[in-house]
Amino acid sequence: MNNYPSQARSLLELVKSLQIRGYKKKELASILEIPAPVFSSLLKNILPVIAQVNEDNDNLEERISYAFSQVNNMSANKTLQQLNKYITKLENSLKNNLTQTNSRDYFSLIKEQSCKSYEFTRQYFEGLYEFYYISTERYIVKKEPFWIRTHPIEKYVEVFKGNKNSTLLYKGIGIITNNQTMTFQLSEINDIPNEYLMIHVTLPFTRKTDHLRGVFSAISFAREPIARKVVLRKIADFCNEDEFNRIQTQYFDRLEDAEIPEIYQYLFHDPSMIECYSIPKPKFNISDLIEEIKVSSQFKEKI
């Protein structure tokens, strides 16, 4: 039992070091695989009391009992047995933080890029669009509202696909990675678990334009990766939430029904899409590629 004070001090130092590097208490609790309230009690009521006791102090057991008496959500024996395990986990996290680029760095970079895209987007591309693509659900042209707007306070590019009246609503962030490409990263916010969507569009040399075109990648209704051509047609420079939510999703089964035949023809012209197909009893080796071609061909014959 005499090494508990040194373990408590080590844990507190590790927590402090990781917090300096940007870790939140909730993240640290997740690393230790304990509930956030338990981690909070550990930091506030348990570790500081034990850490102040000298290893040779005869009152060590008494001080430990006192510390755990201040909380009602922790077992003394179970917690003390886990201290070394907690130290190892936090040491590994600290080591990874110092030697690798972690997820926090990535998302900070994405937000920073979006902030840099703010003024350029506000000047040229902000507005309400019609979003055309081939629907996986019905294999026909689908038109949804798409809204690009700049956040006036946070100064980043915010994007929405679909709305509250749609089957699915996606929300995300826009990034101009170079002078020819803009990328939208969106996640579904209607359902759990979320689906994700990545869209890349080509930017025109003449900045003011009535449409953008590109490709998007997502997960199909069959839970397989897909990629599609996409056309964004601008219909207004400004929009508010009420106007956006009034727009209805539309489908076009035939060229004759399409509002803009050129868009319909463009989306269905080969090569228009990439789609993975579920293979019955896959072997998970190279022969699956041939099987997928067969499944794909059979599916297209039915369309």
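The values are calculated or read from the model by the stated rules, or taken from the named source; none is laboratory data. These figures come from a predicted structure and were not determined experimentally. A quick note on method: Cβ atoms are made from the backbone with ideal geometry, for glycine too, and the neighbour counts reach across all protein chains shown. Areas reflect the complete protein model, heavy atoms only, side chains present, ligands, DNA and RNA absent. Shrake-Rupley method; radii C 1.70, N 1.55, O 1.52, S 1.80 Å.
Among the helices (runs of 4 or more DSSP H) confined wholly to the range 15-95, which include 2 or more residues that are without any contact (Cβ under 8 Å) to a residue 24 or more places away in the chain?
Here the list reads 25-32, 36-41, 60-69.
I want to confirm something. Restricting to the range 216-245 and keeping residues that are open to solvent by less than 70 Å² (accessible area, probe 1.4 Å) and over 26 Å from the mean Cα position of the chain (by Cα), which single residue is farthest from Thr181 (Cα to Cα)?
Ala236
Among the listed residues Pro282, Pro271, which satisfies the condition of being in contact with a helix residue (DSSP H, G or I) (Cβ under 9 Å, 6 or more places away or on another chain) and without any contact (Cβ under 8 Å) to a residue 24 or more places away in the chain?
Among Pro282, Pro271, only Pro282 is in contact with a helix residue (DSSP H, G or I) (Cβ under 9 Å, 6 or more places away or on another chain) and without any contact (Cβ under 8 Å) to a residue 24 or more places away in the chain.
Here are Leu289, Leu267: which of them is farther than 27 Å from Asn163 by Cβ and more than 26 Å from the chain's Cα centre (by Cα)?
Testing whether each residue is farther than 27 Å from Asn163 by Cβ and more than 26 Å from the chain's Cα centre (by Cα) leaves just Leu289.
Could you check the range 147-168 and list, in sequence order, the residues that are open to solvent by 20 Å² or more (accessible area, probe 1.4 Å) and in a loop (DSSP other than H, G, I, E, B)?
His151, Pro152, Ile153, Glu154, Lys155, Tyr156, Lys164, Asn165, Thr167, Leu168, listed by residue number.
Restricting attention to the range 91-133, which residues are hydrophobic (A, V, I, L, M, F, W, C) and at pLDDT below 90?
Selection gives Leu94, Leu98, Phe107, Leu109, Ile110, Cys115, Phe120.
Do we have any residue at all in the range 157-177 that's of a type in the set (S, T, N, Q) and modelled with pLDDT of 90 or more?
no
Take the range 262-294 and flag every residue that is of a type in the set (A, V, I, L, M, F, W, C) and either farther than 25 Å from Val141 by Cα or at pLDDT below 85 (or both). Steps first, answer last, please.
Step one: filter the range 262-294 for residues of a type in the set (A, V, I, L, M, F, W, C), giving 263, 267-268, 273-274, 276, 279, 284, 286, 289-290, 293.
If the condition is that a residue be of a type in the set (A, V, I, L, M, F, W, C) and either farther than 25 Å from Val141 by Cα or at pLDDT below 85 (or both), then Met273, Ile279, Phe284, Ile286, Leu289, Ile290 are the ones that fit.
Just to check your reading of the model, which residue among Glu144, Glu137 is crowded, with 22+ Cβ neighbours inside 10 Å, touching a residue at least 40 places away in the same chain (Cβ under 8 Å), of a type in the set (D, E, K, R) and closer than 20 Å to Phe221 by Cβ?
Going through Glu144, Glu137 in turn, just one is crowded, with 22+ Cβ neighbours inside 10 Å, touching a residue at least 40 places away in the same chain (Cβ under 8 Å), of a type in the set (D, E, K, R) and closer than 20 Å to Phe221 by Cβ: Glu144.
Does Val230 meet the test of being at pLDDT 90 or above, of a type outside the set (Gly, Ala, Ser) and touching a Gly at 6+ places or on another chain (Cβ under 7 Å)?
yes
Condition first: part of a loop (DSSP other than H, G, I, E, B) and more than 22 Å from Ile263 (Cα to Cα). Now tell me which residues in the range 237-253 satisfy that. Step through it out loud before you land on a result.
In the first step, residues of the range 237-253 are kept if they are part of a loop (DSSP other than H, G, I, E, B); the result is 237-240, 247-249, 253.
Scanning the range 237-253 gives Phe238, Cys239, Asn240.
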